[in-house]
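The values are calculated or read from the model by the stated rules, or taken from the named source; none is laboratory data. Keep in mind that this is a model prediction, so the values were computed, not measured. Note: ideal-geometry Cβ built from the backbone for every residue, glycine included; neighbour counts use all protein chains shown. Remember, those area values only see protein heavy atoms, side chains included, never the ligands or the DNA or RNA. Shrake-Rupley method; radii C 1.70, N 1.55, O 1.52, S 1.80 Å.
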Amino acid sequence: MAYLLKNLSNSIWHAFYALQTDATGIVAKSKLKVLTANFGTLMDLYGVEKGLDDYRSTQWLAFDQFLYYLQKEVFCSITDATPIQATRLLEERIDEICWLLSRKIYSEQKHRVFEDRSVYQLFRIFCLLAEMGTDNTDSAYLITMHSSEVAQIASQLVTSLGLHWDATDFAELSAALTSFRFPTFLAVLETKYSGGGTLDSAAVSEAIDDLYQIYVNDVIKKGYLLKKGFLLPTTRYYWFVLRPGELSYYKDAQQKEPAGVITLNINCWADSVNASGKPDRKFILSTPEHRAIELIAEDHRGRLQWLAALQIAIDHSGERISYQRSLAIQRRSMRLAEKQQKEETGIELQHERQARIAAEIQARKLEALSREEGARVQELEEIKEKLETLLQEEKQALQDEEIVRNLQSKILQEEWERREQLEKLQQEQQELLESERLKRLEFERRQQENEVKLQEAAARLEQLEAERQNLDAELTFVREKVRKAEGAQLLLEAQIVVTRPSRSGDRIRRTQSLIPTPRERSEILQNEKERGVSIQENAPPVVQTPLKKYSMHIL
């Protein structure tokens with residue numbers, strides 16, 4: 001079935017693009033065999049990938065070559081007799097396989113606003129509405145979405161989120177980008193038309209899910225209606241979902257399985273009920289199976305909307321192409337027709353311009369002939385009037401062109417002035433940055449100097465601390481010597497008191513002087529130096545003379 005492969009061409013291209021190792025536009029057969037085998041498994045075809053070895057003599061395939069192989073070897077098993085539901089389920093599963101290959105490029109980027117499921121839903125919407133073309137630079141295939149389709153998706157997303165849709169803002173964007181690739185399409189929706197990540201993620205996901213239901217699942221309308229029972233004349237609220245050829249109703253909006261399904265075909269019709277001649281909320285859906293089904297909308301406007309939606313679902317009930325895809329094809333045809341009409345208008349304008357140029361040349365010839373032939377003056381006057389009319393129109397066109405040119409020059413002048421201001425601001429910023437850099441270098445130099453001074457002060461402090469410790473040791477040693485000398489002196493005085501002369505007048509004679517001789521003094525200094533004690537040369541030596549050297553004799 002050719003249309004199924006055509007519907008899947010965009011998603012297959014994304015999978016093919018994800019398998020490329022470089023930008024050459026070709027993929028190795030070994031990678032394509034895995035993708036082909038997965039397609040064959042979904043269609044209950046096994047071994048279809050083996051034919052790639054014999055298909056063409058190269059080990060690489062371009063996209064058009066791979067697509068041709070799929071058409072001849074894989075999708076040829078799908079015929080017109082295949083049920084529509086089976087083909088749509090197969091299309092969904094193939095899209096999932098293609099998404100699994102390409103999701104690493106689109107959904108695993110940093111600062112992702114949408115959830116993975118939402119990105120997948122937007123991917124399927126993009127593949128549905130996008131067009132396949134060629135890149136003018138290297139003639140490679142390129143999948144892009146027209147700006148009008150992007151505007152339609154963005155406006156519906158903004159409206160679902162309760163925001164204001166600004167068509168002028170998007171017109172400025174579409175003036176720069178006439179077509180959008182999927183990364184651009186995704187980035188535009190994330191940054192400009194989904195609150196930029198400020199809205200609740202659940203609300204954004206629900207809005208994208210609504211878009212997915214409309215475009216991929218072909219949901220024409222959904223909402224609550226009162227349905228009258230078949231056996232009992234009681235009414236009950238149900239959540240109705242309308243698709244081409246099918247009207248399902250659920251007990252509530254969160255229910256997955258429908259409480260009932262009403263099949264629609266060309267033999268069905270919907271009509272309003274005006275028993276009293278006034279607008280009513282009731283309407284009747286007549287089907288061959290259920291006969292007349294009485295439904296009640298919330299208001300008169302809702303009834304009109306449901307009647308129009310039911311008529312659309314009935315009209316498109318037998319089509320194998322989905323409703324949204326057919327609408328996209330119609331919009332694409334209208335764009336092509338408008339483009340062709342513009343080209344034809346341009347060709348007509350070019351012909352008219354050439355005709356004016358030819359008329360001017362003819363006028364010059366006629367002016368030359370008017371000077372030579374006096375007999376044809378009247379005829380030349382009539383031709384001259386016609387030519388003047390044409391010239392007047394040309395002058396008017398030139399004046400209009402001059403006005404447009406002046407406006408363009410004014411805009412360019414404003415742009416140049418703005419650019420000069422920006423360059424001036426940039427230069428000032430560079431000067432400020434340079435001054436800040438110099439200040440930072442000066443600060444670092446002063447910091448280094450302070451660190452050097454701090455290290456020197458620390459070294460000096462350690463040196464002074466060592467000297468203080470040496471002096472404390474010397475002071476302790478000297479104090480110890482003084483203490484011992486005082487003790488010896490006290491002991492000596494005690495001995496002198498014991499040996500004091502009696503009252504009978506005995507005399508006492510000192511056998512040896514307490515003051516050391518110069519020789520003994522030099523020996524004491526030498527001993528102290530060997531022990532490591534520093535003694536000032538002019539200070540009187542502290543002599544520890546043994547008590548046995550000095551004795552008192554009673555004369």
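In this structure, K395 does not satisfy being among the basic types (K, R), in contact (Cβ under 8 Å) with a residue 12 or more places away in the chain and closer than 30 Å to E352 by Cα.
Just checking, which of I284, I208, I266 is of a type outside the set (K, R), open to solvent by 20 Å² or more (accessible area, probe 1.4 Å) and not in a loop (DSSP other than H, G, I, E, B)?
I284 is the lone residue from the list that is of a type outside the set (K, R), open to solvent by 20 Å² or more (accessible area, probe 1.4 Å) and not in a loop (DSSP other than H, G, I, E, B).
Yes or no, residue by residue, for (1) in contact (Cβ under 8 Å) with a residue 40 or more places away in the chain; (2) closer than 30 Å to R356 by Cα; (3) exposed (fewer than 10 other Cβ atoms within 10 Å of the Cβ):
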site	(1), (2), (3)
L391	no, yes, no
I403	no, yes, no
S409	no, yes, no
Q429	no, no, no
R440	no, no, no
V478	yes, no, no
V482	yes, no, no
V497	no, no, yes
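Cβ-Cβ contacts under 7 Å between residues 6 or more apart (or on different chains), taken from a first residue in the range 326-354 that is closer than 30 Å to V216 by Cα to a second residue that is not in a helix (DSSP H, G or I), are listed as S326/E319; R332/E131; R335/H146.
Residues are listed down the side, and each one gets a yes or a no for (1) in contact with a Ser or Thr (Cβ under 6 Å, 6 or more places away or on another chain); (2) under 23 Å from R124 (Cα atoms):
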site	(1), (2)
Q152	no, yes
A167	no, no
S194	no, yes
I208	yes, yes
T235	no, no
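Once the range 68-92 is narrowed to residues that are under 36 Å from the mean Cα position of the chain (by Cα) and open to solvent by less than 70 Å² (accessible area, probe 1.4 Å), the residue that is modelled with the lowest pLDDT is T87. I want to confirm something. Restricting to the range 1-30 and keeping residues that are in contact with a Leu (Cβ under 9 Å, 6 or more places away or on another chain) and not in a helix (DSSP H, G or I), which single residue is farthest from R181 (Cα to Cα)? For the range 1-30, the residue satisfying everything is A28. Whether any residue in the range 272-279 is open to solvent by less than 70 Å² (accessible area, probe 1.4 Å), modelled with pLDDT of 90 or more and out of contact with any Cys (no Cβ under 6 Å at 6 or more places or on another chain) is what I want to check. Taking every residue of the range 272-279 in turn, none turns out to be open to solvent by less than 70 Å² (accessible area, probe 1.4 Å), modelled with pLDDT of 90 or more and out of contact with any Cys (no Cβ under 6 Å at 6 or more places or on another chain). Collect the residues in the range 1-16 that are among the aromatic types (F, W, Y) and either open to solvent by less than 20 Å² (accessible area, probe 1.4 Å) or at pLDDT 90 or above (or both), keeping them in residue-number order. Correct list: W13, F16.
For beta carbons closer than 9 Å, sequence separation of 6+ or different chains, a first residue in the range 175-196 that is within 23 Å of T134 (Cα to Cα) and a second that is of a type in the set (D, E, K, R), the qualifying pairs are S179/E131; F180/E149. As a summary of the residue check, S333 satisfies the conditions (1) among the small types (G, A, S); (2) in a helix (DSSP H, G or I); (3) open to solvent by less than 60 Å² (accessible area, probe 1.4 Å) except for the one numbered (3).
Every residue, every condition in (1) farther than 23 Å from T87 by Cβ; (2) surrounded by 14 or more Cβ atoms within 10 Å (Cβ to Cβ), yes or no:
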residue: K33; (1), (2): yes, yes
residue: A37; (1), (2): no, yes
residue: G47; (1), (2): no, no
residue: D54; (1), (2): yes, no
residue: S57; (1), (2): yes, no
residue: L61; (1), (2): yes, yes
residue: F66; (1), (2): no, yes
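Residue count for the range 160-177, restricted to those that are farther than 23 Å from D210 by Cβ and either among the acidic types (D, E) or touching a Phe, Trp or Tyr at 6+ places or on another chain (Cβ under 7 Å) (or both): 1.
Restricting the search to the range 18-31, which residues are open to solvent by 10 Å² or more (accessible area, probe 1.4 Å), farther than 25 Å from L89 by Cβ and in contact with a helix residue (DSSP H, G or I) (Cβ under 8 Å, 6 or more places away or on another chain)? Across the range 18-31, the qualifying residue is only G25. Tally the residues that are farther than 23 Å from A130 by Cα and open to solvent by 80 Å² or more (accessible area, probe 1.4 Å), restricting the search to the range 306-330. Number of matching residues: 2. For the range 189-199, the count of residues that are among the β-branched types (V, I, T), surrounded by fewer than 17 Cβ atoms within 10 Å (Cβ to Cβ) and either part of a helix (DSSP H, G or I) or under 20 Å from the mean Cα position of the chain (by Cα) (or both) is nonzero.
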